[in-house]
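S.K.: Take a look at this one; I'll ask things after.
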Amino acid sequence: MGEDPLALVTGASRGIGAAVAQALAPTHRLLLGGRDTDALAEQAARLPAARPWAVDLADPDAVQTAAAEIDRLEVLVHSAGVARLGTVQQAGAQAWRDNLEVNLVAVAELTRLLLPALRAARGHVVVLNSGAGLNARPGWGPYAASKFAVRAFADALRAEEEGSGLRVTSVYPGRTDTEMQRAVVAGEGGEYDPERFLRPESVAEAVRTAVTASPDAHLTELVLRPRPAPY
């Protein structure tokens, strides 16, 4: 029997990325992407065929060196991201740059470098977008702009790679119970209630569904929203 397919999950040290890695672990070997080496090691120790892939996605040289070691890749899940919020009046240029650098440029560059490996496997790229990639709310402009942009990236990639057999899925979760969400709510001055939000495991299940779809099926977009309790 051959080896299980290989999946690289960025942002895998916590939150949605960690949940995605756990969801794919029964069927895939895993590279756990992130910067927190201790957290990645802890995650890898809990999964049967996982190893840390500690790379700063904002470091082009480091990304290029690490990507060059991968010659075949069945799944690439982009889960790493930042959320720098603010109104147009409040947000300075750096807030826009920070969002675009991590949420768009790093995604595009890592995908570009791994395209030969993905094509070799007729693989799958999953972009964890956001509800902000479909609708821009007041005070969320810098973040939403980066998510609208990565939506365009995924659409362009899907169209360009149709002939190679590459599948590209954008996942648009609503607000999810993560450390980032806690920081956002604190910034909004609100009281944090995790029951108002999606669980990371629910988002991960949507990713798993897209990745494990039958070969003739291409799930291009998935939109998830929190369901009010009681269920």
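The values are calculated or read from the model by the stated rules, or taken from the named source; none is laboratory data. Predicted, not measured: the structure shown is a model, and the values here were computed from it. So basically every Cβ, Gly included, is an ideal-geometry build from the backbone, and we count neighbours across all protein chains shown. For the accessible areas, the whole protein counts, side chains as well, though only heavy atoms, and no ligand, DNA or RNA atoms are used. Shrake-Rupley method; radii C 1.70, N 1.55, O 1.52, S 1.80 Å.
S.K.: How much area per residue is accessible in segment 1-117 when the probe is 1.4 Å and only protein heavy atoms are counted (Å²)?
M.R.: Averaged over the residues of segment 1-117, the accessible area is 50 Å².
S.K.: Can you tell me the mean projection area, over all orientations, of the convex hull of segment 43-173's alpha carbons? Units nm², please. Provide the component values of the computation, followed by the final result.
M.R.: Values: hull surface 34.9 nm².
Average projection, Cα convex hull of segment 43-173: 8.7 nm².
S.K.: Continuing with this model, one more query. What net charge is computed for the residues neighbouring T27, neighbours being all others with C-beta under 14 Å from the C-beta of T27, Lys and Arg scored +1, Asp and Glu -1? All intermediate terms of the calculation are to be shown ahead of the outcome.
M.R.: Working: positive: R29, R208; negative: E3, D4, E74, E205.
For residues surrounding T27, the net value is -2.
S.K.: Over segment 1-46, what is the mean sequence separation of C-alpha contacts under 8 Å (at least six apart), divided by residue count, expressed as relative contact order in percent?
M.R.: Relative contact order comes out at 41 percent.
S.K.: Which whole-number value in Å² is the accessible area per residue of segment 169-231, probe 1.4 Å? Numbers along the way, then the final one.
M.R.: Working: 3740 Å² over 63 residues.
That works out to 59 Å² per residue.
S.K.: Here is a further query. Return the ratio Rg/(2.2 N^0.38 Å) for segment 183-224, where Rg is computed over Cα atoms only.
M.R.: Working: Rg = 15.2 Å, N = 42, 2.2 N^0.38 = 9.1 Å.
Rg over 2.2 N^0.38 Å, computed on Cα atoms: 1.67.
S.K.: Can you tell me the Rg and the Dmax, both Å, for the Cα atoms in segment 99-198?
M.R.: 15.6, 49
S.K.: In a shell of Cβ-Cβ distance under 12 Å around W140, excluding W140 itself, what net charge do Lys and Arg (+1) and Asp and Glu (-1) give?
M.R.: Here the count lands on +3.
S.K.: Hey, can you grab everything whose amide H is under 5 Å from the amide H of V125? Only 5+ residues off in sequence or another chain; H modelled, so Pro and N-termini drop out.
M.R.: L76, R167, V168, T169
S.K.: Between Q89 and E188, what length comes free when the chain is fully extended (0.36 nm per residue of separation minus the Cα-Cα distance, one decimal in nm)? Intermediate values should be presented prior to the final figure.
M.R.: Details: separation 99, 0.36 × 99 = 35.64 nm, distance 1.62 nm.
So the chain would gain 34.0 nm between Q89 and E188.
S.K.: While we're looking at this one, here's another question. Using each residue's phi in segment 71-85, evaluate 6.51 cos²θ - 1.76 cosθ + 1.60 at θ = phi - 60° and report the 3J(HN,Hα) Karplus result to the nearest Hz, with x for Gly and Pro.
M.R.: So the J values, rounded to whole Hz, are 9, 8, 9, 7, 9, 10, 10, 8, 10, 5, x, 10, 9, 9, 9.
S.K.: Just the number, please: Stokes-Einstein D of segment 8-86 in µm²/s, Kirkwood Rh from C-alpha pairs, 10 °C, 1.306 mPa s. Each step should come with its number before you reach the end.
M.R.: On the way: Rh = 12.7 Å.
Result for D is 125 µm²/s.
S.K.: What is the sum of charges, Lys and Arg at +1 and Asp and Glu at -1, for the other residues whose Cβ falls under 14 Å from the Cβ of T87? Provide the component values of the computation, followed by the final result.
M.R.: Numbers: positive: R84, R137; negative: E188.
Net charge around T87: +1.
S.K.: Which whole-number percent is the relative contact order of the chain (Cα, under 8 Å, 6+ apart)?
M.R.: Numbers: 433 pairs, mean separation 43.7, N = 231.
Worked out over the chain, it gives 19 percent.
S.K.: Go ahead and set up a Gaussian network model of the chain, Cα springs under 10 Å, then flag whichever of G163, G131, G15 fluctuates most.
M.R.: Result: G163 has the largest fluctuation of those listed.
S.K.: Under 5 Å between amide H atoms, partner at least 5 residues away or on a different chain: which partners does L224 have, H built in plane at 1.01 Å?
M.R.: Y172, G174
S.K.: Would you please give the residues with an amide H less than 5 Å from that of G33, counting only those at least 5 places away or on a separate chain, with H modeled from the backbone geometry?
M.R.: Excluding prolines and chain starts, which carry no amide H, the hits are V9, T10, G11, A12, W53.
S.K.: I would also like to ask the following. Only residues of segment 115-155 count here: report those whose backbone N is under 11 Å from the spot 7 Å along Cα→Cβ of E101, or say none.
M.R.: none
S.K.: Roughly how many percent of the accessible protein surface of the chain is carbon and sulfur, given a 1.4 Å probe and a whole-percent answer?
M.R.: Numbers: 5830 of 11560 Å².
Here it works out to 50 percent.
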